[in-house]
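Read the figures in this text as sums done on the coordinates, not as results from a lab. Remember, it's a predicted structure, so these values are computed and weren't measured experimentally. Virtual Cβ from ideal backbone geometry, glycine too; neighbours counted across all protein chains shown.
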Amino acid sequence: MNVQEAVRAAKAFVAETFAEETPTNIGLEEVEFDERGGVWRVTIGFSRPWQQVNGLGLTAGGFTKPRSYKVVTVSDQDGKVLSIKNRAVNDAA
């Protein structure tokens, strides 16, 4: 599996898993291959309706509202999604 296939699998999994929450702006944030474990760790960011104040996802002051970030672990061998976890975000970065 190559990086593009891992990203597609992760995005599709997030879109399907969170479909009832109507996620928008689903996008790639990070990707890492764990050679020892034979897995891809793909961080996907997305917005949920309650995280948006206006159509742009901005607050009245113009600051971007928080997004949800999930780390999706994808098997390199067969493309199967093994897990999805919250990704802690460091606001100071």
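Assorted remarks:
- Each label was represented as a point 7 Å from its Cα along the Cα-to-Cβ direction; for ARG8 and TYR69 these points are 2.6 nm apart.
- Simple spin-label estimate for GLU20 and GLU35 in nanometres, 7 Å along Cα-Cβ: 4.2 nm
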